[in-house]
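The values are calculated or read from the model by the stated rules, or taken from the named source; none is laboratory data. The structure presented is a predicted model; accordingly, all values stated were derived computationally and were not measured. Cβ coordinates were reconstructed from backbone atoms using ideal geometry, including for glycine residues, and neighbour counts include every protein chain displayed.
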Amino acid sequence: MKIWGGILCAMLCASTQARAQDAKFIVQQAVNVELEANRTDHSHWRYRRSEAGGTSYIIVETEHGAISRHVEENGRPASAKTLAEDDAHNQKFIHDPAMQQKQRQNGAHDDKSADELMTLLPQAFIWKVEGMTPELTTLSFRPDPNFHPPDMEARVMGQMSGTLVVDKAQHRIRTMKGRLGSDVTFGFGLLARIKQGSTFDVERRQLAPGIWEITETHVHISGHALFFKTIGDQEDEVKTEFTLVPLGTTLEQAVGLLKDAAK
């Protein structure tokens, strides 16, 4: 009887390991596709970004940089004063190469950080397939105790638990939601403490064949840093009304696209 019990246990363990490997393979495949898309997708868009509290903007991306203009403030049409300030800032940006360079550098830094965290996804968590439809695969994730994060951002990410939804046909990440299960501290809590219960929720959609963009972002992170300075990253934004910006569009032409969208 003990022999059969051992065989059954071995079979169940092997089956569990196989399922875990299958889940990790799905995630790795999606990560590979996303990283390749980030390298090759050079599309630019005009879209509306709406924030919590009733403020919204039109944003136009170009290869030279992105500019924006208010549409609403606190649920009401943007005032003439605000629009005039936006127009003045955009004119300054158009004629200031240093401002353009700084924006590009900031964007490149953010893209690099996002790619680094994306690369860590398969190994940072224990993955499990929770369900499948003909179009989507839903996976759950929880911290892997064997993961050794290389930096502070990865350490916080690696303590999250949540779900990931992958488009089966294109191996693209459609949604990712996570919640911090316990406080994450740095320097025994004196340098920083990110509080348990902090959450993020990112939604993505296909805008054109093979081109996916983030359409919703909800981030609620709280804590303190360096002797109790409050950390408050509270972000709720929705992006809609996407229109492809033609290749070669100048910043001057982007101003016209901003104003056309507001009509």
Conditions (1) at pLDDT below 95; (2) in contact with a helix residue (DSSP H, G or I) (Cβ under 7 Å, 6 or more places away or on another chain); (3) buried (at least 17 other Cβ atoms within 10 Å of the Cβ); number of the one not met by ARG172: (1)
Output the residue which, of all residues in the stretch 83-123 that are among the basic types (Lys, Arg) and under 30 Å from LEU164 (Cα atoms), is surrounded by the fewest Cβ atoms within 10 Å (Cβ to Cβ). LYS112
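For ARG193, state whether it is modelled with pLDDT under 95 and surrounded by 18 or more Cβ atoms within 10 Å (Cβ to Cβ). Break it down into steps so the answer makes sense when it comes.
Working: modelled with pLDDT under 95: yes; surrounded by 18 or more Cβ atoms within 10 Å (Cβ to Cβ): yes.
Yes, satisfied.
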Which one is surrounded by the fewest Cβ atoms within 10 Å (Cβ to Cβ) among residues in the stretch 144-169 that are part of a strand (DSSP E or B) and either among the polar types (S, T, N, Q) or at pLDDT below 95 (or both)? SER161
Of the numbered conditions (1) touching a residue at least 40 places away in the same chain (Cβ under 8 Å); (2) outside any strand (DSSP E or B), MET99 satisfies every one except a single condition; which is it? (1)
Please count how many residues of the stretch 220-263 are surrounded by 15 or more Cβ atoms within 10 Å (Cβ to Cβ), in a strand (DSSP E or B) and modelled with pLDDT under 90. 7
Within the stretch 117-157, can you find the residues that are touching a helix residue (DSSP H, G or I) at 6+ places or on another chain (Cβ under 7 Å) and more than 16 Å from GLN28 (Cα to Cα)? PRO149, GLU153, ALA154, MET157
